[in-house]
Amino acid sequence: MSQYKKWSEKEHSFTRRIIALLPAGVFFLLILPYLFLVICPALDERFGLDRIQPGAVTMIIGGTLMVCGFAIAFWTISLQLDQGRGTPLPMMPTQELIISGPFRYCRNPMTLGTILAYLGLSIAAATVVGVALALILGALLITYLKKVEEKELTERFGQQYLDYKQNVPFIVPRKPRIH
């Protein structure tokens, strides 16, 4: 039995789930945005990379991606806390396989939202290093999902997850199939 399976055997109270998410919230909502909005533009300068000056176009495109990304991510977290009775954290996983809401359109909407949000921040700040970092972060998240999380979900939810996996795309959303 894997560690993930052991973690899934204990259901935590809603309050405990919220408290567990606080450090992740600080990281994803304060530290990473600071990195993309302040550190990455400074690295562009330091490396002598030609930057487009942030303007209306970068703000509109970046802002749209950022708002959509964070909205998708918060929607998935809300479903994981409420409907799934867990969190996105591996040590407090959901107790139920969630296949509604954004999970109807892709199996990993939180990763999609994360990539869109930080790519949007980078575009809004017009930082080459930020765009590269957002894409690297996305690649690392996708690798984790493929190498670890899919196996863990198969172990915990068995055929239910395999059926879901067969019918719902990995990360690029599409209209749900009608059965």
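The values are calculated or read from the model by the stated rules, or taken from the named source; none is laboratory data. Remember, predicted model here, so these are calculated numbers, not experimental data. Here the Cβ positions follow ideal geometry from the backbone for every residue, glycine too, while neighbour counts run over all protein chains shown. Remember, those area values only see protein heavy atoms, side chains included, never the ligands or the DNA or RNA. Shrake-Rupley method; radii C 1.70, N 1.55, O 1.52, S 1.80 Å.
Determine the pairs where a residue that is in contact (Cβ under 8 Å) with a residue 24 or more places away in the chain, located within region 31-51, has a partner that is open to solvent by 70 Å² or more (accessible area, probe 1.4 Å) with Cβ atoms under 7 Å apart, the partner being 6 or more residues away or on another chain.
Listed pairs, sorted by first residue: ASP44/VAL128; LEU49/VAL128; ARG51/VAL128.
Kindly evaluate VAL172 against the criterion of being assigned to a loop (DSSP other than H, G, I, E, B), open to solvent by 40 Å² or more (accessible area, probe 1.4 Å), hydrophobic (A, V, I, L, M, F, W, C) and farther than 19 Å from GLY84 by Cβ.
yes
Has region 6-21 got at least one residue that is touching a Lys or Arg at 6+ places or on another chain (Cβ under 7 Å) and within 20 Å of MET91 (Cβ to Cβ)?
yes
Please name all residue pairs, on different chains or six or more residues apart, with Cβ atoms under 6 Å, provided the first residue is in region 129-140 and is free of Cβ contacts under 8 Å to residues at least 60 places away in the same chain and the second residue is open to solvent by less than 40 Å² (accessible area, probe 1.4 Å) and part of a helix (DSSP H, G or I).
VAL131/SER122; GLY138/ILE115
Taking the condition of being open to solvent by less than 90 Å² (accessible area, probe 1.4 Å) and part of a loop (DSSP other than H, G, I, E, B), how many residues in region 12-54 meet it?
Within region 12-54, residues that are open to solvent by less than 90 Å² (accessible area, probe 1.4 Å) and part of a loop (DSSP other than H, G, I, E, B) number 6.
Under 7 Å between Cβ atoms, at least 6 apart or on separate chains: pull out the pairs that start in region 152-171 with a residue that is among the basic types (Lys, Arg) and end on any residue that is surrounded by 14 or more Cβ atoms within 10 Å (Cβ to Cβ) and part of a loop (DSSP other than H, G, I, E, B).
Hits for this filter: LYS165/ARG107.
Looking at (1) closer than 24 Å to GLU11 by Cα; (2) open to solvent by 30 Å² or more (accessible area, probe 1.4 Å); (3) in contact (Cβ under 8 Å) with a residue 24 or more places away in the chain; (4) part of a loop (DSSP other than H, G, I, E, B), can you tell me which one THR87 breaks?
The number of the failed condition is (2).
Name the one entry in THR127, THR94 that is open to solvent by less than 70 Å² (accessible area, probe 1.4 Å) and in contact with an Asp or Glu (Cβ under 6 Å, 6 or more places away or on another chain).
Answer to the check: THR127.
Does ARG174 fit the bill of being charged (D, E, K, R) and farther than 21 Å from GLU96 by Cα?
The answer is yes for ARG174.
If a residue must be open to solvent by less than 60 Å² (accessible area, probe 1.4 Å) and in contact (Cβ under 8 Å) with a residue 60 or more places away in the chain, how many such residues does region 56-69 contain?
3
Got a sec? Which of ILE98, ILE115 is under 29 Å from THR154 (Cβ atoms), of a type in the set (Val, Ile, Thr), at pLDDT 95 or above and under 12 Å from the mean Cα position of the chain (by Cα)?
Of the residues listed, the single one that is under 29 Å from THR154 (Cβ atoms), of a type in the set (Val, Ile, Thr), at pLDDT 95 or above and under 12 Å from the mean Cα position of the chain (by Cα) is ILE115.
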